[in-house]
Structure formats: structure tokens, C-alpha cells
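Have a look at the structure below, then the notes.
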Amino acid sequence: MDIYAYVSVPATYVWQRWWRQNMPVFAAFAVFLGIFSMIAYWVAQRERSHSRELISQARRDSLTGLPNRMAVEEMLEWCIRMARTMRHQCAVLFVDIDRFKDVNDSYGHDVGDQLLRKVAKVIQGSLRDGNFLSRLGGDEFLVILPACDQETAILISKRLLDAFREPLRVGERQLAVTPSIGVALFPEHGEDIRTLLKHADTAMYEAKRLGRNAFSLYMDQLGERVRHRVQIEQELREAIKRGSFQLAYQPVVDMYSGRLAGGEALIRWVGQDGELIMPEAFIDIAEDSGLICQLGEWVLRSLCSHMAEWRKAVPGLWLAMNVSPRQFRDPAFVAKIEGILQEAGMDATWLVVEITETTAMDDPEASMAIMARLRAMGIRIAIDDFGTGHSSLGYLKRIPADKIKIDKSFVSGIDVNVDDTGIVQTILALSAMLQKAAVAEGIETEAQFNALRDLGCEYAQGYWISKPVTPQEFLSMAARHAALVSCGPGRFYERQVGV
Ligand code: C2E
Ligand code: MG
Ligand code: MG
């Protein structure tokens with residue numbers, strides 16, 4: 001017979017026992033849960049801050065730490081929305097650093113980067129709270145001025161130009177930096193981001209055209225002009241590929257013997273219909289776009305091939321080529337000249353390089369170093385358009401130039417304007433003292449010629465003697481002169497009408 005005994009155990013005792021047996025499992029689970037949550041929280045936090053950093057990096061320019069193009073578009077959109085709601089204007093200033101490429105090319109990218117950081121600080125320093133500065137890339141900065149009218153935008157542009165009056169110190173160097181600023185206003189010059197930025201950019205190009213270190217406010221006509229320049233640049237590129245250019249030579253004569261001493265090569269672009277396009281219509285576009293370097297190479301190659309033909313017939317003849325600022329500052333400039341001369345199998349003693357006074361005196365130490373390298377190759381140097389720049393006498397004394405070309409603006413006033421006569425006299429005295437030959441440019445009358453000769457000028461060039469002529473005409477003129485014996489001061493055997 002089965003005996004059953006019923007023991008009454010209190011429920012608490014059962015729970016306690018159950019708890020004692022299961023508690024470690026629960027505790028372990030709770031600890032695990034706690035640690036897991038902490039890790040998950042830490043990972044999530046890390047991810048969040050990482051992606052926040054990535055987003056902010058994507059909106060920052062790594063060089064200057066300024067907001068970049070992506071951030072600018074959002075800011076500008078907000079500004080336009082606010083301006084529309086509040087019914088006021090806002091402005092954008094497109095700031096481009098003049099000739100920044102030259103700094104990069106001459107001193108290297110490290111110096112260029114340091115300069116950009118300095119520039120960012122200078123611009124930031126001349127803005128007010130609430131103005132927004134960003135770097136679009138390269139040497140382009142954009143300033144957004146919320147709630148700003150035309151007068152204030154102009155005022156701030158002027159303040160920015162003023163801020164760059166003093167050269168900037170980068171390492172050991174003092175670099176003279178100037179900006180060109182284009183201004184566009186909402187809503188007058190554009191009601192959306194793209195149009196405003198495009199028009200501010202167009203206005204900036206106008207500021208460059210005005211001679212740089214300037215600001216320009218957008219006008220509708222500017223768009224047309226910029227389109228025209230872009231078209232010319234395109235056509236010029238094609239023309240360079242096809243070699244659609246010609247050289248004209250303008251004779252330079254010795255004022256006392258009357259004989260032809262040399263010639264200045266002047267480029268002409270042969271247009272689609274065969275018409276000749278003069279340099280003033282395209283040289284500055286070629287300069288701005290950098291195409292001038294290719295054009296310069298074409299000019300030198302043509303000069304070499306002409307000289308190779310002519311030098312036997314006309315011994316002692318020299319030929320001059322014009323070199324524009326961008327070509328002159330190109331770090332490969334001297335090497336390119338050397339290469340082209342070697343390729344043609346020519347020495348350099350017949351070649352004269354003309355650089356303007358302004359180019360020579362813009363960073364005179366660097367200019368003198370380039371000129372010294374050219375001189376070492378046997379090339380002679382002429383300072384063109386002398387009197388229109390600001391030469392320092394100290395530099396002029398050291399400048400390794402052979403000739404000084406008196407600008408035609410002084411020559412044209414020589415027999416009518418006392419000031420011009422005085423200036424020409426001073427330049428002639430200066431060139432005699434510095435032992436440089438003087439060439440008077442742009443002589444248009446016999447009176448000017450005689451006056452200059454009486455003042456002691458050595459060489460003459462100008463329409464009165466001869467307009468620029470074709471290479472064939474120049475050669476026959478040179479050959480005739482070479483065959484003639486001097487017939488006394490200033491007596492010319494012929495005067496020519498050229499191209
Ligand atoms: P530039 O070097 O001062 O050349 C002299 C300019 O004055 C030439 O104009 C010439 O035709 C003009 N000229 C000469 N005699 C007289 C005169 O008696 N009266 C007047 N009114 N003008 C005179 P062009 O050929 O139109 O050239 C203009 C400028 O274009 C040149 O000034 C030079 O700076 C530039 N240029 C010409 N060819 C080249 C080139 O191959 N390369 C570069 N970089 N620049 C060039
Ligand atoms: Mg010249
Ligand atoms: Mg000149």
C-alpha cells in the first residue's frame with residue numbers, strides 16, 4: 001500500500017529556491033545585456049560622429065578650412081530664399097587672384113598653397129559678421145553678402161582691394177598679390193544660384209580686362225563681350241593648330257647712316273576670308289588664355305626660318321620678337337627659346353627679345369635673372385614702350401638690356417608738346433648714361449624724325465620710315481640697304497607702305 005505524505009512548503013520558500021537556482025543565469029544575462037548595450041551605444045556614437053565629420057569635411061576646403069562649393073550652394077540658396085521672403089537684395093562677389101598661376105609656376109605649389117591660406121585670411125579679415133566666405137577651388141573665392149544692396153557690395157569690394165595693398169609675406173618672400181572681383185546682385189542680375197554665379201564670374205573677367213586689381217559690377221552687355229572673347233579664343237586655338245598666321249616686319253633704321261639695321265616682327269592672324277587681323281584684336285585674349293606661349297613659339301620658329309634664308313644676303317641684320325608677360329614668366333621660356341634655336345641650327349646673336357617696361361619692372365629681380373640667362377645665350381634685349389611703366393633708376397642701372405624703345409606716345413608729341421620733348425630728352429640722356437641704344441618708335445613725320453636725331457637718338461622706327469611690310473618686301477629692302485653706302489644723316493633711299 002502506498003503511503004503519501006503531504007508536506008506543506010511556504011510559497012516564498014519555493015520562490016527563494018527557484019531564485020537561488022536561476023539568479024546566476026539572470027545576472028549573467030543582465031550583465032551581458034548591459035555590456036552589449038554599452039558597446040552598441042559606443043559603436044553608434046562613433047559612427048554618428050564619423051559621418052558628421054565626413055559630412056563636414058565634404059563641405060570644407062581642405063587647404064583653407066573654408067566652406068567649399070557644395071556648402072556655398074546651400075548657403076546661397078538659403079540667402080536667395082531669405083532675400084525673396086524679406087524682399088531685399090543680396091550680393092555675391094567672385095574673387096580671383098591675379099596671375100596666381102605665375103606664383104605656382106615660379107615658386108612651386110607649396111608657396112602657392114601657403115599664399116592661398118594667407119589670401120583666405122586677408123579676405124576674411126575685411127568681411128563683417130554674417131558675411132560668408134568660401135573657396136570654390138584653385139584661386140577662386142566667393143563671398144556671399146546676405147541682405148546687401150549695391151552700394152554696400154561696392155564698398156566691400158573696395159575694402160577687399162585695399163586689403164591687398166601691401167605684399168603678403170609667405171615664408172621668406174614678400175609676394176605682391178591683387179584680386180579681380182566680379183559683383184552680381186539678387187534679383188537684378190540673376191534669380192537663381194547658377195545665373196548669379198555665372199554673372200559674378202563674367203563681371204570678374206571684366207575686372208581682369210580692365211587691367212586687374214579691380215572690381216566690376218555685372219551688366220547685361222558684359223555677357224555679350226565675354227561670349228565674344230570665348231569665341232575668339234576658340235577660333236585662335238583652331239588657327240594655332242592650322243598655323244594661320246603671318247609675320248610682318250617693320251624696319252628699324254640707323255638715324256645717322258639712314259641704313260636699315262634690323263626689323264621688328266609683328267604677328268598678323270590670317271582670318272577665314274584671308275583678311276589680316278591685327279594683334280590688338282587677339283593678343284590680350286591669347287595672353288589671358290595662355291595661348292600666347294604657343295603663338296610665341298610659332299613666331300620664333302618663323303623668325304628662325306626667315307633668318308636662315310636672309311643672313312647671307314644681309315649680314316649683320318637683327319630681328320626682334322615681342323614677348324608678352326605670360327610668355328616671359330613661363331618657367332620654361334628660356335629653355336623653349338634655346339630648344340627652338342637649336343632645332344633650327346641657329347646661333348642667337350641676331351635675335352632681339354622685346355619686353356615691355358611694365359613686364360620688366362613687375363618683379364624686377366626675377367626679370368633680371370631671366371634677362372641674364374637670355375644674354376648669356378647671346379640674345380639682345382630691348383625694353384619696349386619705355387616711359388609708360390614705372391622704372392626704378394636702381395633697377396634700370398642693373399637691367400641687362402641693350403636697347404630702350406621710346407614709346408610712340410612721347411614721340412608723337414615731340415614737336416608739339418614741351419613735356420613730351422622733355423621726357424624724350426630725359427630718356428635719351430638716361431639711355432646714354434646707362435650705355436643702352438635708344439630706338440624711337442612710332443615716328444610719323446619728318447619733323448619728328450629730325451627732332452629725335454638732333455636730340456641724339458640712334459635708331460628710328462615708324463610709319464614715316466616704313467609701315468610693317470611682308471617678309472619678301474623686308475628682305476628686298478634690307479638687301480638694297482646692305483648694298484648701299486651711307487649717303488649722310490637721315491637720308492632715306494625709299495619709304496614703304498606696308499601691311
Ligand atoms: P609694339 O611692340 O609696341 O609694336 C609697335 C606697334 O606700333 C605695331 O603695331 C606697329 O605697327 C605700330 N607702329 C609702328 N610705327 C607706328 C607709327 O608710326 N604710328 C603708329 N600709330 N603706329 C605705329 P601692331 O603691329 O598692331 O602691334 C601692336 C602690339 O601688339 C605690339 O606693340 C606688340 O606689343 C604686340 N605684338 C605684335 N606682335 C606680337 C607678337 O608676335 N607677340 C606678342 N607677344 N605681342 C605682339
Ligand atoms: Mg615691340
Ligand atoms: Mg612698342
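Things worth noting here:
- Scanning segment 387-406 for residues that are within 16 Å of ligand 1 (Cβ to nearest atom) and buried (at least 22 other Cβ atoms within 10 Å of the Cβ) turns up Ala401, Lys403, Ile404, Lys405, Ile406.
- Residues within segment 306-317 that are modelled with pLDDT of 95 or more and either within 16 Å of ligand 3 (Cβ to nearest atom) or of a type outside the set (A, V, I, L, M, F, W, C) (or both), tallied: 1
- Of all positions in segment 297-315, none carries a residue that is closer than 27 Å to His228 by Cα, open to solvent by 30 Å² or more (accessible area, probe 1.4 Å), in contact with a helix residue (DSSP H, G or I) (Cβ under 8 Å, 6 or more places away or on another chain) and within 13 Å of ligand 2 (Cβ to nearest atom).
- Selection from segment 367-419 of residues that are within 15 Å of ligand 3 (Cβ to nearest atom) and over 24 Å from Gln448 (Cβ atoms): Ile381
- Long-range neighbours under 6 Å by Cβ, at least six apart or interchain, first residue under 14 Å from Leu351 (Cα atoms) within segment 364-384, second hydroxyl-bearing (Ser, Thr, Tyr): Gly378/Thr349
- Segment 427-449: number of residues that are within 16 Å of Lys408 (Cα to Cα) and surrounded by 15 or more Cβ atoms within 10 Å (Cβ to Cβ): 11
- Filtering segment 276-296 to residues that are open to solvent by 20 Å² or more (accessible area, probe 1.4 Å), without any contact (Cβ under 8 Å) to a residue 40 or more places away in the chain and within 15 Å of ligand 2 (Cβ to nearest atom) leaves Met278, Pro279, Glu280, Glu287.
- In segment 248-262, the qualifying residues are those that are within 16 Å of ligand 2 (Cβ to nearest atom) and open to solvent by 10 Å² or more (accessible area, probe 1.4 Å), and the one that is modelled with the lowest pLDDT is Ala261.
- Annotation: of all residues in segment 396-441 being within 30 Å of the chain's Cα centre (by Cα) and part of a loop (DSSP other than H, G, I, E, B), the one that is nearest to Asp363 (Cα to Cα) is Ile399.
- Residues within segment 67-93 that are open to solvent by less than 10 Å² (accessible area, probe 1.4 Å) and under 27 Å from the mean Cα position of the chain (by Cα), tallied: 4
- With respect to the conditions (1) in contact with a helix residue (DSSP H, G or I) (Cβ under 8 Å, 6 or more places away or on another chain); (2) open to solvent by 60 Å² or more (accessible area, probe 1.4 Å), Leu127 falls short on a single one, namely (2).
- Pairs where the first residue, in segment 345-363, is farther than 17 Å from Asp402 by Cα and the second is away from ligand 3 (no atom under 15 Å from the Cβ), C-beta under 8 Å, 6+ apart: Gly345/Ala308; Met346/Cys304; Met346/Met307; Met346/Ala308; Asp347/Leu341; Asp347/Gly378; Asp363/Ala176
- Hey, Ala382 within 12 Å of ligand 2 (Cβ to nearest atom) and among the small types (Gly, Ala, Ser) or not: yes
- Checked against the criterion of being at pLDDT 95 or above, of a type in the set (A, V, I, L, M) and in a helix (DSSP H, G or I), the candidates Ala200, Ala265 yield just one match: Ala200.
- Residues in segment 333-386 that are open to solvent by 30 Å² or more (accessible area, probe 1.4 Å) and within 14 Å of ligand 1 (Cβ to nearest atom): Lys336, Thr356, Thr358, Asp385.
- Sole residue being exposed (fewer than 10 other Cβ atoms within 10 Å of the Cβ) and free of Cβ contacts under 8 Å to residues at least 60 places away in the same chain, chosen from Val31, Val9: Val9
The values are calculated or read from the model by the stated rules, or taken from the named source; none is laboratory data. Keep in mind it's a predicted model, so treat the numbers as computed, not measured. Note that we place each Cβ from the backbone using ideal geometry, even for glycine, and neighbour counts take in every protein chain shown. With ligands, DNA and RNA removed, areas are computed over all heavy atoms of the protein, side chains included. Shrake-Rupley method; radii C 1.70, N 1.55, O 1.52, S 1.80 Å.
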